[in-house]
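Participant: Here it is: the structure, laid out below.
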Amino acid sequence: MHTELSQKESSQQVQRRLDDALDDLGRLIQSERAKLARLARREGLSAEDAIDCVQDGCCTFLRLAQIGDVPKDAAELPAFLATIVKNAARNRRRLHHVARPHEALDAIDPPGDEASTEQLIARAEDHVRLRACVDRLCDTQKAVVTWRLLDEQPGENVAEALGISRGYVDVLLHRAKIQLRACLTDDESHV
């Protein structure tokens, strides 16, 4: 009998937490839905996939609320939900092998702004330094970096050309980026 009461009380507590979470989520969605969709879009998803990620994020939020694993402070809830949506967007992108769109070079250097001679020399030096770091990579990593980053080839094409799995292409690219960052920071510290 005592166990029945404690189970009933426990289920009432869970229901109360879920009701509170639904109220919190309702307020969050009204105020944050556009921000959450933009956040998912910035991860490289289509508008439809971004909306799906916001929906998935809301479901995850409710599951976490049911077990009591959400912040108690209402001020922390928007950032908490944004993190959930961002992770859902990244997972969706990874599962569907969608590359995050690269910014065009024109977007980085707006037209009409003439670069000074010093800026052009600095860019050329950076390019040479990066090329030297790429040359230090093993042949397979060098090929992956060249095809994926410079030629912007899809991962499936690179995997097929190298005779390796798509996942291994991603692993090689990730490791190469770490080595390139380390190489570039080492080179900068010696300058």
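Participant: Given Cα pairs under 8 Å that are at least 6 residues apart, what percent is the relative contact order of the stretch 116-190? Walk me through the intermediate numbers first.
Facilitator: Numbers: 40 pairs, mean separation 25.0, N = 75.
So the answer I get is 33 percent.
Participant: So how far apart, in nm, are the two label points at residue 174 and residue 120 if each is 7 Å from Cα heading toward Cβ?
Facilitator: The answer from the label model is 4.1 nm.
Participant: When the Karplus curve 6.51 cos²θ - 1.76 cosθ + 1.60 is applied with θ = phi - 60°, which whole-Hz ³J(HN,Hα) does each residue of the stretch 173-178 get, with x for Gly and Pro?
Facilitator: Karplus-based 3J(HN,Hα) across the stretch 173-178 equals 5, 4, 5, 5, 4, 4 Hz.
Participant: Which one of 95, 79, 62 has its Cα pushed farthest toward the positive end of the charge dipole of the stretch 6-95, where Lys and Arg give +1 and Asp and Glu give -1 at the Cβ?
Facilitator: Positive-end residue among those listed: 95.
Participant: If R0 is 35 Å, what FRET efficiency do you get for residue 48 and residue 11 from their C-beta distance, rounded to 0.05? Could the numbers behind the result be given before it?
Facilitator: On the way: r = 37 Å, r/R0 = 1.06.
Step by step, r from the Cβ atoms, then E = 0.40.
Participant: Suppose the Debye formula is applied to equal point scatterers at every Cα of the stretch 6-95; what is log10 I(q)/I(0) at q = 0.12, 0.25 Å⁻¹?
Facilitator: -0.38, -1.18
Participant: Here is a further query. Take every Cα-Cα pair in the stretch 116-190 and report what % of them are more than 17 Å apart.
Facilitator: Details: 1318 of 2775 pairs.
For the stretch 116-190, the share of Cα pairs beyond 17 Å comes to 47 percent.
Participant: Using 0.36 nm per residue of separation minus the Cα-Cα distance, give me the extension gain between residue 66 and residue 132 in nm, one decimal. Please list the in-between numbers first.
Facilitator: On the way: separation 66, 0.36 × 66 = 23.76 nm, distance 5.31 nm.
Residue separation times 0.36 nm, minus the Cα-Cα distance, leaves 18.5 nm.
Values in this text are rule-based calculations from the coordinates and carry no lab data. The structure presented is a predicted model; accordingly, all values stated were derived computationally and were not measured. Note: ideal-geometry Cβ built from the backbone for every residue, glycine included; neighbour counts use all protein chains shown.
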